[in-house]
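I have placed the structure first, in the form of structure tokens, so that the comments after it can refer back to it.
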Amino acid sequence: MTSWDVAVVGEIYADHIFGGFPRWPEPGEEVYAQRYTRELGGGSVNTACGLARLGRRVRLVGLIGDADFDWFEGRLSEFGVGMGGIRLGAEGTGTTVSVSMRDDRTFFSWHGANRGLVDLLEVPAVLADLMAARHVHFAMPLPRSLATLVLPQLRQAGCTTSLDVGYSPVWLTDSENLATCREVDFMLPNRKEAGLLCGEDDPEAYAAWAWAEGLTRGVLKLGGEGALLLDGDGVRRIPAPVVDALDTTGAGDAFNAGLIDALLDDDPLDRCVERACITGALCTTVAGALHGLPDSSRLRTLHEQTYGS
């Protein structure tokens with residue numbers, strides 16, 4: 001019997017989010033944000049909280065600094081996410097400064113405690129923690145050496161897997177990692193990341209590349225344009241619902257949560273991507289990655305309005 005629905009493992013950050021800029025500043029120019037938020041961050045936190053908000057039992061696995069333990073414990077508890085999978089690292093909590101525009105965002109980050117993440121995942125007790133889940137989501141550039149150790153054991157344990165490496169040019173352009181893309185059940189890039197994988201900034205080109213490379217089932221996140229879906233039935237686009245986007249921080253991570261939530265319901269893949277588009281869209285309607293995460297009721301309402309019952 002599994003202990004939780006999803007184990008989410010990856011880098012954890014303290015986010016400092018500046019938003020509401022009318023334009024990007026010129027070199028040497030100072031501009032002022034209209035909004036500022038300090039929040040828990042990192043793809044792992046955003047996706048874990050998104051899944052917990054949708055009613056899933058979630059295990060978050062990662063590293064933070066000792067000084068932030070109480071803050072993380074209190075904030076995660078608001079979403080029903082516990083601290084059992086989080087360890088204290090040798091350094092302070094990783095930190096990200098996010099400069100968020102209406103349609104895009106830029107990040108400045110320090111790895112901090114996340115530098116110990118690979119070593120953490122090689123600990124047998126931590127791997128056993130992951131194997132106790134129905135699905136394992138990696139929100140990190142998973143090194144090939146670690147993938148060859150972890151992924152076969154997860155598959156043998158009956159776990160499905162997904163991977164979102166984020167904007168990691170070194171990982172995405174290393175041909176050695178193509179095997180990892182094939183071995184996970186879902187590779188979840190956005191358009192910019194897909195361009196690094198296939199060499200072209202074109203969703204259809206990515207779909208053709210993915211099929212040629214043996215990724216016979218895939219999803220490409222396209223922001224406000226929705227998503228592109230690839231499987232044995234061909235390639236098709238799933239539109240996103242129209243919302244008043246305020247802050248795109250964490251939208252891709254919320255998309256991941258919606259997709260995984262639907263996968264756990266054994267929904268058809270098209271409906272999984274529809275749910276993913278909704279959670280991603282709703283996340284953008286509030287500043288910060290966590291405040292806009294929907295519950296199941298809100299998700300169902302927008303799904304019916306956008307795609308029908």
Do we have V8 as at pLDDT 90 or above, in a strand (DSSP E or B) and under 22 Å from the mean Cα position of the chain (by Cα) here? yes
When (1) within 16 Å of the chain's Cα centre (by Cα); (2) of a type in the set (S, T, Y); (3) assigned to a helix (DSSP H, G or I) are applied to T96, the one that fails is (3)
For the range 186-200, what are the residues that are open to solvent by 30 Å² or more (accessible area, probe 1.4 Å) and touching a Ser or Thr at 6+ places or on another chain (Cβ under 8 Å)? L196
Does the range 39-59 contain any residue that is open to solvent by 50 Å² or more (accessible area, probe 1.4 Å) and more than 27 Å from D265 (Cα to Cα)? no
Test of understanding: among L163, L172, which residue is modelled with pLDDT of 95 or more, crowded, with 22+ Cβ neighbours inside 10 Å, among the hydrophobic types (A, V, I, L, M, F, W, C) and within 17 Å of the chain's Cα centre (by Cα)? L163
Somewhere in the range 92-108, is a residue in contact with a helix residue (DSSP H, G or I) (Cβ under 9 Å, 6 or more places away or on another chain), within 27 Å of R298 (Cα to Cα), open to solvent by less than 60 Å² (accessible area, probe 1.4 Å) and aliphatic (A, V, I, L, M)? no
May I ask you to list the residues in the range 259-281 that are in contact with a Gly (Cβ under 7 Å, 6 or more places away or on another chain) and either in contact (Cβ under 8 Å) with a residue 40 or more places away in the chain or among the acidic types (D, E) (or both)? A276, C277, T279, G280
Given the criterion of a type in the set (G, A, S) and within 13 Å of I278 (Cα to Cα), identify the matching residue among A208, A251, A212, A179. A251
For A179, state whether it is part of a helix (DSSP H, G or I), touching an Asp or Glu at 6+ places or on another chain (Cβ under 8 Å), in contact (Cβ under 8 Å) with a residue 12 or more places away in the chain and open to solvent by less than 50 Å² (accessible area, probe 1.4 Å). no
Only one of (1) open to solvent by 10 Å² or more (accessible area, probe 1.4 Å); (2) within 30 Å of V286 (Cβ to Cβ) does not apply to A113, and that is (1)
Looking at the range 283-296, which of its residues are crowded, with 23+ Cβ neighbours inside 10 Å and either in contact with a strand residue (DSSP E or B) (Cβ under 9 Å, 6 or more places away or on another chain) or within 18 Å of E225 (Cβ to Cβ) (or both)? C283, T284, G288, A289, L290
Restricting to the range 113-130, give me the number of residues that are among the β-branched types (V, I, T) and in a helix (DSSP H, G or I). 2
Among the residues of the range 297-309, is there at least one that is surrounded by 14 or more Cβ atoms within 10 Å (Cβ to Cβ) and touching a Lys or Arg at 6+ places or on another chain (Cβ under 6 Å)? no
Qualifying residues in the range 293-309 (those that are outside any helix (DSSP H, G or I) and in contact (Cβ under 8 Å) with a residue 40 or more places away in the chain) - the one farthest from S98 (Cα to Cα): D295
Would you tally the residues in the range 110-139 being among the aliphatic types (A, V, I, L, M) and farther than 19 Å from A157 by Cβ? 4
For the range 228-248, check the following and say yes or no: at least one residue is part of a helix (DSSP H, G or I), touching a residue at least 12 places away in the same chain (Cβ under 8 Å) and surrounded by 20 or more Cβ atoms within 10 Å (Cβ to Cβ). no
Candidates G166, G214, filtered to the one that is outside any helix (DSSP H, G or I), without any contact (Cβ under 8 Å) to a residue 60 or more places away in the chain and at positive phi: G214
Residues that are within 13 Å of W209 (Cα to Cα) and assigned to a helix (DSSP H, G or I), drawn from the range 182-199: R182, A194, G195, L196, L197, C198
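Working carefully through the options L88, L149, find the one that is open to solvent by 50 Å² or more (accessible area, probe 1.4 Å), touching a Phe, Trp or Tyr at 6+ places or on another chain (Cβ under 8 Å), farther than 25 Å from F255 by Cβ and not basic (K, R).
Going through L88, L149 in turn, the sole match is L88.
The values are calculated or read from the model by the stated rules, or taken from the named source; none is laboratory data. Not measured: the values here are computed from a predicted model. All Cβ positions, even for glycine, are placed from backbone atoms using ideal geometry, and neighbour counts span all protein chains on display. Calculation scope for accessible area: heavy atoms of the full protein, side chains included, ligands and nucleic acids excluded. Shrake-Rupley method; radii C 1.70, N 1.55, O 1.52, S 1.80 Å.
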